[in-house]
Amino acid sequence: MRQLDQPEPQGLPTPAATLRRGGWPLACIVALFLILALTYSVATPLFEASDELWHYPFIEHLANGGGLPVQHPDQLGPWRQEGSQPPLYYALGALITWPIDTSDMPAVRWINPHADIGVPTADRNVNMVIHTEAERLPYRGTVLAVRLVRWLSVLMGVGTVLLTYLLAQNLLPEDRVVPLGAAAITAFNAMYLFITSSVNNDALVTLLCALGLWMMVRYVRGRPGWRQWAGLGVVLGLATLSKSSALGMLALAAMAGSFVAYRQRSWRALWTAGVSIALPVFALTGWWFWRNWRLYQDPTGLNAFVAIVGARHPQPTLKQLAGEWQGFVMSFWGFFGGVNLPAPHWVYWLLTPLGALGLLASPLWLLTGRGKADPVRLCQFALVGAWPVVVLVSLIRWSMMTIASQGRLMFSALSALSVLMALGLSAVLPHRWRAVGPAVLVGALLVVAVLMPITVIAPAYAPPPILTEQALPKMVAVNADLGGKMTLLGYTLDRQSAAPGDAVPITIYWRASAPMAEDYSVFVHLVDKNELIVGQRDMYPGQGTYPTTLMQPGDVIADTYAPHLAATLMTPNRIEVRAGLYSLETGERLAVLERGTDLVTLASMDIPEHTENGIPNPLALNLQDEVMLVGYRLANSAAAPGEAFDLTLYWQALQDLDQDYTVFTQVIGQDHSIWAQVDSWPQSGGSPTSTWVKGQLIEDRYQLQVKEDAPAGVYQLQVGMYDGQVRRLNLLGPGGFAQDNRILLGSVRIEESTHATP
């Protein structure tokens, strides 16, 4: 039997020698990565990176001796869902920060209650946290602790860049273009720079997965023994303790071990590899899986994670998941903040075709003969190519359980993806120009990486400039005194008309009149002719960055708000723009002194009648790819008890229907109680849906009589369809995802009863 136990795979240079081959180009790539990563760390305020708001409290809890969090959806800690994550990254963060007094964390982690998380907006309000002078040098307390963990993540990123080079160099020992190109593709990915310069366990799992993949690619060319396999087992165990997505590496390890055993024609080699890997993995992770099983009846603890962030009901199909492709691609190249700060569109149009070309063309490296496709190299290529596939499959499965279609979650396979892109781009051009393809992608990535912190990230969190009243632009003067605390000086409104679904941008000029001990929220309402709110925007002043407790008397700021008119707004109509301040804690508004109101009416505009092909108030609301609500008419949006709302619905069949659906129309209160309802087959039974053919338009009228005892107030009008088993058809949004099982047409008002009281 051949001797299997050797200290290093036979005939391969040491990692140090391989890195020295990279010379000054590799050194420059690493240096640029460090400079860029530190720039991103400075440009991104504390807790504004992806999930950092919840990652760091886990570290702080460990550092203060609190042990591992126990998750419960009804008792959320400041770590929220991240308390379900494997603990290694957080333990390392706690190890380097435990001596630091972080008792100031509640003050530093000052949460913006109005932040638009996961929603890019035209009027900012992207900051998840309010930022103060405490974040400036010299760093102390929580600020220092977060900065230290961020720097630790940056060092992990350096390791990942070097391992990407080593991985490619092991695949192509005689090549310089592909290894350097792959290292640069990893180093200059703006989203990776953003993530790896923050508090995020992706930094560690990406490093350890890159290390594990490099070890496997190295071992299949040599003759690894039990010590080498056991070392791989340690790496895989640590990776699993960093993030559950690393579990897929075990499949790759089985693939590598099987190939080595096949080459040696030895069952013993397979047994040695399997046992040597499994024992350290089990020793490192067994306690974690047992703990999760005992606490959550799930060895991974992912059910606790889903219970907090929310599960998808119903689960999407693969076709529906494909509809999230755009967001997936955006968050691979650069989608910053709390998934609410996209890069300019040209970034995605530039990088996506280049990256896709590299991935799709990577097999050409073998087909053209440049890869010298011996069996060993084929296996190495298969390992590198299989790892992104494994990660993608697991991500698809995860995205079917909860909303998770983010490209950054592919970063555990970033080294492999970078190698494949560099391989493919080097193979699409003739040999003498082979460096051009990777260079184009690297250059594009570097330009984007340099621009994003200074043009996108930092400006989004900048506080508003303090203006002088003399420098104010021409505006409509108002000079409304709100509670003696703030003065609404005036406003500018760029448009005089709008259509349903449009934004109505308005710039309001505020002046702080006195010191304020409470953070008041701004509200901007769009109110229709029946006094119903048909658009709304709430945020702290300074577009979310400048709460009133930070404002000094005399401070003048300009705030732009862009509330959207409801897409279902009944037309024609007339709306008023109203604004004011209120306490989020109590809901109480500041009175407008000398006016006897608690709001300021700023402007009004007409909303002309909106029709399309003769259909009033056109819509495109898809009920389960079977029926579309294409429009509606509401004769009256206000009614007294005993009176009726006169509603006409316009349906279009999206296919030939073979069953009968019942239409439900309801007026519901805030407590979901029903105060008016009609359930019927369309056209009062005269046009059953089983008779509808694709493309057919149906005009469908209902009179919803309000109950006699209905209290006055604002109610919601909702409609939809259900089948014979009272299963409602789902309302599908972009990409075909189920958003709801009803259509909300908007608000209606029930007025005071006109009946005399006996």
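Values quoted throughout were computed directly from the atomic coordinates according to the rules given, and no laboratory measurement underlies them. This is a predicted model, so every value here is computed, not measured. A quick note on method: Cβ atoms are made from the backbone with ideal geometry, for glycine too, and the neighbour counts reach across all protein chains shown.
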Give the Debye-formula value of log10 I(q)/I(0) at each listed q (0.05 Å⁻¹), with one equal scatterer per alpha carbon of the chain, two decimals each.
-0.33
Collect residues whose amide H, placed 1.01 Å from N in the peptide plane, falls under 5 Å from the amide H of Met721; neighbours closer than 5 in sequence don't count.
Phe664, Leu729
Karplus-derived 3J(HN,Hα), 6.51/-1.76/1.60, for each residue of region 618-628, Hz, glycine and proline x
x, 9, 8, 9, 8, 9, 6, 6, 10, 9, 10
At a Förster distance of 41 Å, what's the computed FRET efficiency of Leu247 paired with Ala107, Cβ-Cβ distance as r, to 0.05?
0.60
Pull out the extension gain between Trp287 and Ala122, defined as 0.36 nm times the separation in residues minus the alpha carbon to alpha carbon distance; nm, one decimal.
54.6 nm
From a point 7 Å beyond the Cα of Ile396 in the direction of its Cβ, which residues of region 241-261 have a backbone N at a distance under 17 Å?
248
Report the Rg/Rh value for region 615-750, based on alpha-carbon coordinates and the Kirkwood definition of Rh.
0.96
Take the alpha-carbon centre of region 390-438, take the same for region 144-199, and report the distance between them in whole Å.
14
Between the residues Val108, Tyr296, Gly554, the Cα farthest towards the positive end of the dipole of the chain, that dipole coming from +1 and -1 charges on the beta-carbon of Lys, Arg, Asp and Glu, is from Tyr296
According to a simple spin-label model (label point 7 Å from Cα along Cα-to-Cβ), what is the distance in nm between Val726 and Ala712?
3.5
Could you name the lysines whose alpha carbon sits less than 29 Å from that of Lys485, not counting residues in the same chain fewer than 8 places away?
Lys474
Identify all aspartates and glutamates with a Cα-Cα distance to Lys707 below 13 Å; exclude those on the same chain that are fewer than 8 residues away in sequence.
Glu643, Glu751, Glu752
HN-Hα couplings for region 600-613 via Karplus (6.51, -1.76, 1.60; θ = phi - 60°), in whole Hz with x for Gly/Pro, come out as 10, 7, 9, 7, 9, 8, 8, 10, x, 4, 10, 10, 8, 6
Phi to ³J(HN,Hα) by Karplus 6.51 cos²θ - 1.76 cosθ + 1.60 over region 400-407, Hz, x for Gly, Pro
7, 8, 8, 5, 8, 7, 10, x
Can you compute the label reach from Leu593? Point 7 Å from Cα along the Cβ direction, backbone N cut-off under 17 Å, restricted to region 516-534.
516-518
Could you give the nm distance between label points at Ile674 and Gln297, where each point is 7 Å from its Cα heading toward the beta carbon?
3.4
For Tyr520, the residues 5 or more places away or on another chain with a placed amide H closer than 5 Å to its own amide H are Thr548, Thr549
Using only C-alpha atoms and all pairs of different ones, pull out the Kirkwood radius for region 185-263 in Å with one decimal.
13.5
Around Ala638, which amide H atoms from residues at least 5 apart in sequence, or from another chain, sit under 5 Å from its own amide H, with H modelled in the peptide plane?
Arg749
Nearest-20 debye value, the chain charge dipole, Cβ charges on Lys, Arg, Asp, Glu
4540
Potential lengthening between Ala499 and Thr352 on full extension [0.36 nm per residue; Cα-Cα distance subtracted]
49.5 nm
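Within the chain, what is the longest stretch that has no GluC sites (Glu not before Pro) placed in a DSSP loop and near at most 16 other beta-carbon atoms within 10 Å?
175-517
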For region 656-758, which trypsin sites (Lys or Arg not before Pro) are in a loop by DSSP, counting at most 14 other Cβ atoms within 10 Å?
Lys694, Arg727
